[in-house]
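The values are calculated or read from the model by the stated rules, or taken from the named source; none is laboratory data. Keep in mind that this is a model prediction, so the values were computed, not measured. In this analysis, Cβ positions are derived from the backbone assuming ideal geometry, glycine residues included, and neighbour counts consider all displayed protein chains.
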Amino acid sequence: MKTIVRLFAAISFIAAVVTSCGIDNPESVPEGVVRIFADKTTIAADGVDAVKLRVMYGSEDITSKKTLTIKVKGPDSGYDLPAGAGSFSTAVAGKYTLSATYYYGGDIASDNAVTVEATPVETGRYYQKLLGMQFTSVLCPSCPSLSSTLREVQAKYPDRISVVSFHVSAMGADPMWLKMCDTFFKSVADTDGLPAFTFNMRKNSGHIISEYSKIVNEMSRQMKDFPSTCGVALETVVADGKADITVKITSEVASTMKYHVFLVEDGLDYDQMGAEGGYVHNNVLRYCKSDSVWGTTFNGGKALEPGKEYSARTTVSLDSTWNPARMRVVAVAMTTSDGGTSYGCNNLNDCALGSSADYILSESAK
């Protein structure tokens, strides 16, 4: 009887170890079994310190497979890491459980999970603004409803969301189309259909069409799961047909960053399917500094020293068809929480072209 009890205790201990922290020999995973491993179980909740992940399917390392999904269950909610992500970090303190599902002729769930404890780090000095990414087309009859809903959200929550409208070619030629609009749509939208909306360059927003409640709920989740750890300021000058734009970033943690500079224009009159009479298009993307979805490397790829201000300058030649008086600059600071597989908006600031915007402090920092 004692032998049986001891054997059961040993089995329970092994199972607990595998479930709680994933410590095991990756080379010993049985064929047909998916198992996830982590190199450590405690990180600082600074959005920088990261757990390196490894997922095995039998003897095969499938960590970078596009059909692998790593699911993160956090203190209050959950989300999926982008396909191919090999690490996890967070700026929210608490306990996280990570598991994996591999599609190989059918979904195969990992027989274990790893638990990671993110310890608190003092951040929250800067007010958080979200990047609202609206995907639309003049040939989309349902797209005006999303624009209407976004106006309602911004009226209710002023200065919380900066909307950029990406006119895509999914439904045919659009006079406000840019090549990068299609690139963003394919990379970060949760759907192939229009209209579509997502926050902060993250696919986890879900398929939002025009529902007010979905947008507000997702806005709240983004702020809770991905709080800002930096502030952004802007200086812009217009002269001789050019815009000189200086983006300033001050980080609270030692983080590497990328950034985007968007120029958007309001007040464009053009026919819109689904709308009667004249229609005015706002937030239309006119210029994107980078030809990469994940933007331009900031500070030469070196980590920003906490509390120190860094800047980057961009000069844009203004097209003769644009109206600078109706244009805004949106500067987006981006960080990664998956080891560089993807980047999300950490914080942003915006201002009318030709004006400036200082850092915005959170209420607790004033």
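Tell me which residues, restricted to segment 125-166, are part of a strand (DSSP E or B) and among the aliphatic types (A, V, I, L, M). Explain how you work it out, then say what you get.
Taking segment 125-166 first, the residues part of a strand (DSSP E or B) are 126, 130-136, 161-166.
Selection gives Leu130, Leu131, Met133, Ile161, Val163, Val164.
For segment 292-341, the candidate set comprises residues that are modelled with pLDDT of 95 or more and of a type in the set (D, E, K, R); within that set, the residue that is surrounded by the most Cβ atoms within 10 Å (Cβ to Cβ) is Arg328.
Take the residues in segment 23-38 that are of a type outside the set (Ser, Thr, Tyr) and either surrounded by fewer than 13 Cβ atoms within 10 Å (Cβ to Cβ) or more than 17 Å from Ser59 (Cβ to Cβ) (or both); name whichever of them is modelled with the lowest pLDDT. Write out each step before concluding.
Keep residues of segment 23-38 that are of a type outside the set (Ser, Thr, Tyr), which gives 23-27, 29-38.
Add one more test, that the residue is either surrounded by fewer than 13 Cβ atoms within 10 Å (Cβ to Cβ) or more than 17 Å from Ser59 (Cβ to Cβ) (or both), and what stays is 23, 25, 27, 30-32, 38.
Details: Ile23: 46, Asn25: 78, Glu27: 80, Pro30: 96, Glu31: 96, Gly32: 97, Ala38: 97.
Only one residue tops the list, namely Ile23.
Of all residues in segment 198-216, those satisfying the criterion of being buried (at least 23 other Cβ atoms within 10 Å of the Cβ) and touching a Leu at 6+ places or on another chain (Cβ under 6 Å) are Phe199, Asn200. Scanning segment 217-247 for residues that are surrounded by 20 or more Cβ atoms within 10 Å (Cβ to Cβ), closer than 30 Å to Ser77 by Cα and touching a Ser or Thr at 6+ places or on another chain (Cβ under 7 Å) turns up Glu218, Asp225, Thr229, Cys230, Gly231.
Can you tell me which residues in segment 313-341 are closer than 21 Å to Val163 by Cβ and small (Gly, Ala, Ser)? Across segment 313-341, the qualifying residues are Ala325, Ala331, Ala333. Quick one: would you say Ala38 is within 23 Å of Val253 (Cα to Cα), out of contact with any Asp or Glu (no Cβ under 7 Å at 6 or more places or on another chain) and in contact (Cβ under 8 Å) with a residue 24 or more places away in the chain? Judged against the criteria, Ala38 is not a match. Checking the condition more than 27 Å from Ile209 (Cα to Cα), of a type in the set (Ser, Thr, Tyr) and under 17 Å from the mean Cα position of the chain (by Cα), which residue from Ser89, Ser99, Ser77, Ser110 passes? Ser89 is the lone residue from the list that is more than 27 Å from Ile209 (Cα to Cα), of a type in the set (Ser, Thr, Tyr) and under 17 Å from the mean Cα position of the chain (by Cα).
All of (1) of a type outside the set (Val, Ile, Thr); (2) farther than 21 Å from Ala312 by Cα; (3) touching a Cys at 6+ places or on another chain (Cβ under 6 Å) hold for Arg326 with one exception: (3). Within segment 48-59, residues that are more than 16 Å from Lys71 (Cα to Cα) have Cβ atoms under 7 Å from residues that are in a loop (DSSP other than H, G, I, E, B) and small (Gly, Ala, Ser) in these pairs: Val48/Ser89; Val48/Ala254; Val48/Ser255; Asp49/Ser89; Gly58/Gly32, counting only partners at least 6 apart in sequence or on another chain.
The set of residues in segment 122-153 being polar (S, T, N, Q) and in contact with a helix residue (DSSP H, G or I) (Cβ under 7 Å, 6 or more places away or on another chain) consists of Gln128, Gln134, Thr136, Ser137, Thr149.
Take Met56 and decide whether it is under 30 Å from Glu276 (Cα atoms) and at pLDDT 95 or above. Criteria not met by Met56. Checking each residue in segment 176-190 for being over 14 Å from the mean Cα position of the chain (by Cα), surrounded by 16 or more Cβ atoms within 10 Å (Cβ to Cβ) and either over 18 Å from Leu263 (Cβ atoms) or not β-branched (Val, Ile, Thr) (or both) picks out Met176, Trp177, Leu178, Met180, Cys181, Asp182. Within segment 266-302, the residues that satisfy the criterion of being under 20 Å from Gly340 (Cβ atoms) and in a loop (DSSP other than H, G, I, E, B) are Lys289, Ser290, Asp291, Ser292, Val293, Trp294, Gly295, Lys302. Candidates in segment 342-366 are the residues that are of a type in the set (S, T, N, Q) and farther than 19 Å from Cys288 by Cβ; of these, the one that is surrounded by the fewest Cβ atoms within 10 Å (Cβ to Cβ) is Ser364.
How about segment 145-172: which of its residues are of a type outside the set (D, E, K, R) and without any contact (Cβ under 8 Å) to a residue 24 or more places away in the chain? Walk me through how you get there before you give the answer.
So the first thing to find is which residues in segment 145-172 are of a type outside the set (D, E, K, R), and the list is 145-150, 153-155, 157-158, 161-172.
Residues satisfying the conditions are Gln154, Ala155, Pro158.
Can you spot a residue in segment 325-340 that is polar (S, T, N, Q) and over 23 Å from Gly124 (Cα atoms)? No.
Inclusion of Leu268 among residues that are over 20 Å from the mean Cα position of the chain (by Cα), at pLDDT 95 or above and surrounded by 14 or more Cβ atoms within 10 Å (Cβ to Cβ) is warranted.
Is it true that Met171 is crowded, with 16+ Cβ neighbours inside 10 Å and over 30 Å from Thr250 (Cα atoms)? Judged against the criteria, Met171 is a match. Pairs are defined by a Cβ separation below 6 Å, a sequence spacing of at least 6 or placement on different chains, a first member in segment 231-247 that is assigned by TED's automatic domain parsing to the domain that holds Ser317 and closer than 28 Å to Ser362 by Cβ, and a second member that is assigned to a strand (DSSP E or B) and of a type in the set (Asp, Glu); the pairs so defined are Thr246/Glu235.
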